[in-house]
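This report concerns only the one structure given below.
Quick note: the coordinates plus some simple rules give every number you see, no bench work behind them. For clarity, every value in this text was computed on a predicted model and none was experimentally measured. Cβ coordinates were reconstructed from backbone atoms using ideal geometry, including for glycine residues, and neighbour counts include every protein chain displayed.
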Amino acid sequence: MTNQQPPADTPKPATAAQPKAGGGYRFGAFKGVFTPSILTILGVVMYLRIGWVLGNAGLPLTLLIVTMASAITFLTGLSLSALATNMKVKGGGAYYIISRSLGVEIGGAIGLPLFLAQALGVAFYIAGFSEAVVDVFPQLDATSVGVITLTLLTLVAFISADLALKSQFIVMTAIAVSLVSFFWGAATHSIAATSAAEVMTEATPALRPFWIVFAVFFPAVTGIEAGVSMSGDLDNPAKSLPRGTLAAVVVGYLVYLLIPLSLAYVVRNAAGELDRQRLLADLLVMSRVAHWEKAVVAGVWAAALSSAMGAILGAPRTLQAMARDRIVPRLLGRGFGRGNDPRIATVFCFAIALIGVMAGDLNLIAPILSMFFLTSYGLLNISAGLEELTKPPSWRPTFRVAWPLSLIGSLACFGAMFMISAGATIVALATVLTVYWAMKRRKLRARWGDMRIGVLMQIAQYAIYTLARTRLDERNWKPNILVLGGNPTSRWYLIELASAISQGRGFLTVATIVPESTSAERRLKMEQRIADFLDRKLVPGMAKVYRAESPLKGALKLATTYGFGPISPNTLLFGETEKEANYRDFSSLVCSAQRNNLNLVIVREGEGKTEPNLDRGVRIDVWWGGQQQNVGFMLALSHLLTVGEGWREATLNLRTIVSQPKAVEGTEESLREFIDKVRLRANPLVTVRQSPNVFEQIRQDSQGADLVFLGMRHPEPEETDEEYAQYYADLLRHTDDLPPTALCMASEKIKFNAIFAENTSRY
């Protein structure tokens, strides 16, 4: 056979650290994920605290602590793997995944504290390194060592992430040699050569409770964040993140099991029992056991430096990802060099870490740093669990995890936070909520979809199906208002009143009728403009644009077809029409609404015909004309008004008219008894009729009111639209000079007076 040459466009295999075409490196699972993760897991806690944990808890409980802590990290690693194999994970690690799953606001709320934790973590690890160096060279100053070390590490990260990660292989070699030395020494019982006088038993502290010991150990297994933060520089994040992360967790777990087992085998007293006092007093007991003591000392230095390097690589990339999403100034996200290195973000990280190094002791903020990491882990688990639970079509990970495991992982994360420090947990959660509130106020518009819509749809589906099987009654009645207001800017007072009544507790829809010739694209744009207008006015509600041959016919059809199952309008609110040519269609709308059990509120502008301000007021008059349904409905609406902010200080008057003066006292007493029984904050006012026209009396008594509620007569069964149109014309004429007036008709098949109290039928 002849040798065949490959086509010219055949891609060549990428080397491990070649930059991507669009910037970033092509790290694999071992170099890009496993190495930074395992080096953070096998950190200073392993060298300086594992013996202390064993001394406090004993071997069985130590193994339990290691298993519990590793299980939390492993569950988070599973969730992370599922999320990573369902999306193209770019720079930013945990921030990127959370923001693309739970939304930009929650991503920002976690990303900013996470960056701060990573940046201060650099200072924390360097401070530990400085103390270890000063222990060996006491003539040195810890702060000076820390500043020099931070500067050198920043220069390495500033030049190239590839160079920084290459340097970590030297660090990993040092840690590996120290572990080999330790296990070799444990196998040969080298600790027997150590004099007991070297252990200051008189300074041995008292035993600590289980959860305190767990809290001290837990940060040792939170190293997967280091690998996740390098996600933007991976050749294939969907494969590298699961493999590298889970491998690091498993290897770390095995090492943390073997070390206490080895110490328990070697460190024994004269009675052959575990020498717990020696373990508590000698924090460098691993070096006493090791075959080469200096190898463990070098391992401590290497572990501190590697953790600091992992943090100084991850923190700027988290900030860079947030800058690209415009959460922070975009200048911070600028990349340089072949790997798109975030040098400006690195300088910013250096400044924060320098403050921490200069401050000295970071033990006070260490629990808060752990809280931020655990918070991000918890949200990663929530993201994966909810995605798997709702299963939207976009959720197709190649690495699947059962949703109960992810949600258990989330609960374990938040539980561990409270076990470590309830106070630090409150501080961390308060910080996250504050940033989230700030993100919401900025109203950032993400360029991607997130899972919140799917979760809300799942909740809405369950709620609607449940409501469809449940009988709604007076006790749980709320107004679901459909406002037929045309252009919202021309009759804004209608929306003001509807919003003041619903207050976000019921559903509010603002509808506009447009000609049938309106294109679908234009209709959608109009809906979006109305929705944006409502948002700017801080009115919670939906927008609906409906095409019809005429406004009134469209309103009639929309009123009877709009909604979904039990979530449909029960109240129509619209303005008056004074064109006689429209009276018949208008009456047809009223009659149709009554036949379809829809309550009506027709709002008149009031005397002067100037647009009223109905989002607030100081006086409401409700006129009781004898119809029990109408007055119950009007009282329900007026009560909802008075519990809102704008009408909270308003005086509510329940008014009626009697024919004879002698009936005033008894009627007023009945009204007062009714008001007391239904627990309303209202004044009973009774007026003697002094004119044949009752509206003259209403007009006189309600002068000065900010809003008047009047009942409308229900259409008779055999009454035609023309006949009811005549009634409507007379009603407009009689109420022409009143203040802003709401003409109400209760048509829903519930007893509105029972909303306030039972056994009120005699009123």
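Per-structure values
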{"read-out": "For peptides 711-718, 282-289, sequence by mean Cβ density within 10 Å, most packed first", "value": "282-289, 711-718"}
{"read-out": "Gyration tensor verdict on the range 616-763 (Cα atoms; rounded if a/c is under 1.5, prolate if a/b is larger than b/c, oblate otherwise)", "value": "rounded"}
{"read-out": "Order of Phe74, Phe372 - criterion: other Cβ atoms within 10 Å of each residue's Cβ, fewest first", "value": "Phe74, Phe372"}
{"read-out": "Interchain or long-range residues, amide H under 5 Å from Thr571's placed H", "value": "Asn480, Leu482, Asn599"}
{"read-out": "Potential extension, Ala71-Asp730 segment - 0.36 nm per residue separation minus Cα distance", "value": "229.5 nm"}
{"read-out": "Estimated FRET transfer efficiency (Lys553, Thr143; beta-carbon r; R0 56 Å; 0.05)", "value": "0.10"}
{"read-out": "Simple spin-label estimate for Thr173 and Ser490 in nanometres, 7 Å along Cα-Cβ", "value": "8.1"}
{"read-out": "Burial order of peptide ranges 95-108, 519-532 (average beta-carbon count within 10 Å, highest first)", "value": "95-108, 519-532"}
{"read-out": "Sequence ranges 549-559, 312-322, ranked by mean other-Cβ count within 10 angstrom, highest first", "value": "312-322, 549-559"}
{"read-out": "Extension gain from Ser519 to Ser691, taking 0.36 nm per residue of separation minus the Cα-Cα distance", "value": "56.4 nm"}
{"read-out": "Cα shape, the range 648-717, gyration tensor, a/c 1.5 rule", "value": "rounded"}
{"read-out": "Among the listed pairs Lys557/Lys579; Lys677/Lys749; Lys677/Lys751; Lys440/Lys537, those beyond 19 Å (Cα-Cα)", "value": "Lys557/Lys579; Lys677/Lys749"}
{"read-out": "Gain on full stretching of the segment that runs from Val658 to Leu331 - 0.36 nm per residue minus C-alpha separation", "value": "110.2 nm"}
{"read-out": "Inter-probe distance in nm under a simple model that places probes 7 Å from Cα toward Cβ, at Leu152 and Arg648", "value": "6.2"}
{"read-out": "The range 62-110 shape via C-alpha gyration tensor axes, a/c threshold 1.5", "value": "prolate"}
{"read-out": "Proxy reagent accessibility, fewest Cβ within 10 Å first, across Tyr377, Tyr265", "value": "Tyr265, Tyr377"}
{"read-out": "Estimated FRET transfer efficiency when R0 is 35 angstrom, pair Asn683-Lys478 (beta carbons, to 0.05)", "value": "0.85"}
{"read-out": "Under-5 Å amide H pairs with Trp624, H placed in peptide plane, nonlocal only", "value": "Arg655, Thr656"}
{"read-out": "Calculated FRET efficiency for the pair Leu261/Met358, C-beta based, R₀ 45 Å, to 0.05", "value": "0.65"}
{"read-out": "Amide H contacts under 5 Å for Gly486, placed H, 5+ residues apart", "value": "Ile513"}
